[in-house]
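To start, the structure itself, in structure tokens.
Only the coordinates and a few stated rules stand behind these numbers; no lab work does. Since we're looking at a predicted model, the values are computed, not measured. Counting neighbours? That spans all protein chains shown, and the Cβs are built from the backbone with ideal geometry, glycine included.
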Amino acid sequence: MSKADLGAETDMALNLVDLARYPIADLDSGAGAAFLKECQDHMDTHGWCNLDGFIRPDALTALEDEASNLLPSAEVLTIKRNIYQGAIDPSLPEDDPRRREYTHVATQLADDQLPAETLIQQLYRSDLLTDFVRRVQKKSVLYRCADEFQALNVVALHPGSWHAWHYDTTECTVTLLLKAAESGGDFAFLPNSRTDESEDRDAVDRLLAGDMSHAQKFDRGAGTFTLFRGGYSLHGVTEVFGTHPRITAIMTYDEQMGRVISDDINVRIYGKRVEKILADRKAALAQA
């Protein structure tokens, strides 16, 4: 079964969600409407919405086991990029911190490495879940990301690793923590640090210099579902400590149907494997 053919079956994935606490299947009346408003208000005030225990405990065990079984096939990626995920802007002064590239190491599965029948793909492909994200973010339309690599990722940060500061390539990002670190591994971000027109450069420079006083930081338990504006809020994950990795599913959404991410950004994130896929594809087209 392809990802495109999942159809109505995907909403069976809502068996994974604790619907008693989080009634995402009915957001138009009663407890569901009140819950939606609470999420929207929190997003408006804080720039994020954190739903602890979003996944039922038995379902979380299944999702964690699934990820742990898939991750040994993943590459260990050394990801080096600036905070905008692209090439350095040569117009910036030489000493500008936004010219700096940041490096982190992660074991990462891209969307094309996550089979359609996996529970995490079924959850991500759920129309009800997508609509819930859309309504919390107050979007008139919202689509699952069309990029073959970036749509859904599973990322493991091993002890001694972290996730470097960056903006996402789309505004609406959701993370589902599948396995928490023993310590560290806190999600940290600078809410609404930029818009389409400008950036709060003073706040960004302070954060890049190590001043966390204006950043929001919180640890989360496994099963927590976090919505935030990743394209507009500089964010990262602090260093992981302990004996096991921190494992997260990253779900990406876009207001533009069918939009894909540039080859340059995908190669910067996913490295040689994706570089070869794209090069082989271009060569095949040239020979056609």
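Can you give the convex hull volume per residue for the Cα atoms of the chain, as a whole number of Å³?
On the way: hull volume 41.8 nm³, N = 288.
Given the Cα convex hull of the chain, per-residue volume reads 145 Å³.
Give me the net charge for the shell around Leu60: Cβ to Cβ below 13 angstrom, other residues only, Lys and Arg +1, Asp and Glu -1. The partial results should precede the final answer.
On the way: positive: Arg56, Lys179, Arg220; negative: Asp18, Asp52, Asp58, Glu64, Asp65, Glu66.
Residues near Leu60 contribute -3 overall.
What residues qualify as long-range amide H neighbours of Cys172, i.e. H under 5 Å apart, gap of 5 or more or another chain, H built at 1.01 Å from N?
Here the answer is Gly231, Tyr253, since their amide H atoms fall under 5 Å of that of Cys172.
With the crude spin-label approximation of a point 7 Å out along Cα→Cβ, what separation in nm comes out for Asp89 versus Asp196?
Going by the 7 Å Cα→Cβ label model, 1.7 nm.
Label Asp52 and Gln40 with points 7 Å out from Cα along Cα→Cβ: what is the distance between them in nm?
So the label points at Asp52 and Gln40 sit 2.6 nm apart.
Using the Karplus curve 6.51 cos²θ - 1.76 cosθ + 1.60 with θ = phi - 60°, what ³J(HN,Hα) values do you get for each residue of segment 27-37, in whole Hz, with x for Gly and Pro?
9, 9, 8, x, 5, x, 5, 5, 4, 4, 4
Using θ = phi - 60° and the Karplus curve 6.51 cos²θ - 1.76 cosθ + 1.60, what whole-Hz ³J(HN,Hα) does each residue of segment 198-214 get, with Gly and Pro shown as x?
Computed from phi, the couplings for segment 198-214 are 8, 9, 7, 5, 4, 5, 5, 4, 4, 5, 5, 7, x, 8, 8, 5, 9 Hz.
Taking H placed 1.01 Å from N in the peptide plane, check which residues at least 5 places from Ala151 or on another chain put their amide H under 5 Å from its amide H.
Here Asp111 satisfy the definition.
Name the GluC sites (Glu not before Pro) in segment 193-288 that are in a loop by DSSP and that have at most 12 other C-beta atoms within 10 Å, would you?
On the way: sites: Glu197, Glu199, Glu239, Glu255, Glu275; in loops: Glu197, Glu239, Glu255.
Loop-located and lightly packed - Glu197.
Label-point separation (nm) for Met257 and His244, each offset 7 Å from Cα along Cα-to-Cβ?
Going from the Met257 label point to the His244 one covers 4.2 nm.
Springs between alpha-carbon atoms under 10 Å, Gaussian network over the chain: tell me which of Asp26, Asp202, Asp11 tops the mean-square fluctuations.
Asp202
Per the helix-only calculation at 222 nm, which mean residue ellipticity applies to the chain, given -39500 (n - 2.57) for every DSSP H run of n ≥ 4 and division by its residues, nearest 500 deg cm²/dmol?
Working: 7 runs with 79 residues, N = 288.
Here the helix-only value at 222 nm equals -8500 deg cm²/dmol.
Taking every pair of alpha-carbon atoms in segment 135-260, give the share separated by more than 18 Å as a whole percent. Write down the numbers at each step before the final one.
Working: 4302 of 7875 pairs.
Taking all Cα-Cα pairs of segment 135-260, the fraction more than 18 Å apart is 55 percent.
Could you tally the net charge around Asp28, taking each other residue with its Cβ under 14 Å from the Cβ of Asp28, Lys/Arg +1 and Asp/Glu -1?
Values: positive: Lys37, Arg134, Arg135; negative: Asp26, Asp131.
Counting the neighbours of Asp28, the net charge comes to +1.
Using θ = phi - 60° and the Karplus curve 6.51 cos²θ - 1.76 cosθ + 1.60, what whole-Hz ³J(HN,Hα) does each residue of segment 275-287 get, with Gly and Pro shown as x?
Going residue by residue, I get 4, 5, 4, 5, 5, 5, 5, 5, 5, 5, 5, 5, 8 Hz, with x marking Gly and Pro.
Do any trypsin sites (Lys or Arg not before Pro) in segment 231-288 lie in a loop, going by DSSP, with at most 13 other beta-carbon atoms within 10 Å of their beta carbon, and if so which? Intermediate values should be presented prior to the final figure.
On the way: sites: Arg246, Arg259, Arg268, Lys272, Arg273, Lys276, Arg281, Lys282; in loops: Arg259.
Answer in residue order: Arg259.
Summing +1 for each Lys or Arg and -1 for each Asp or Glu, what net charge is found among the other residues whose Cβ lies under 13 Å from the Cβ of Val274? Please list the in-between numbers first.
Numbers: positive: Arg268, Lys272, Arg273, Lys276, Arg281, Lys282; negative: Glu75, Asp111, Asp112, Asp147, Glu148, Asp263, Asp264, Glu275, Asp280.
Charge balance in the 13 Å sphere: -3.
Ordered by packing density, taken as the mean number of other Cβ atoms within 10 Å over each peptide's residues, highest first, how do 66-74, 173-181 rank? Walk me through the numbers before you get to the answer.
Details: 66-74: 15.2, 173-181: 23.1.
So the order, starting with the most tightly packed, is 173-181, 66-74.
Does segment 76-156 classify as rounded, prolate or oblate by the C-alpha gyration tensor (a ≥ b ≥ c root eigenvalues; a/c under 1.5 gives rounded; else a/b over b/c gives prolate, otherwise oblate)? All intermediate terms of the calculation are to be shown ahead of the outcome.
On the way: a/c = 3.33, a/b = 1.62, b/c = 2.06.
Oblate is the answer for segment 76-156, as a/c is 1.5 or above yet b/c matches or exceeds a/b.
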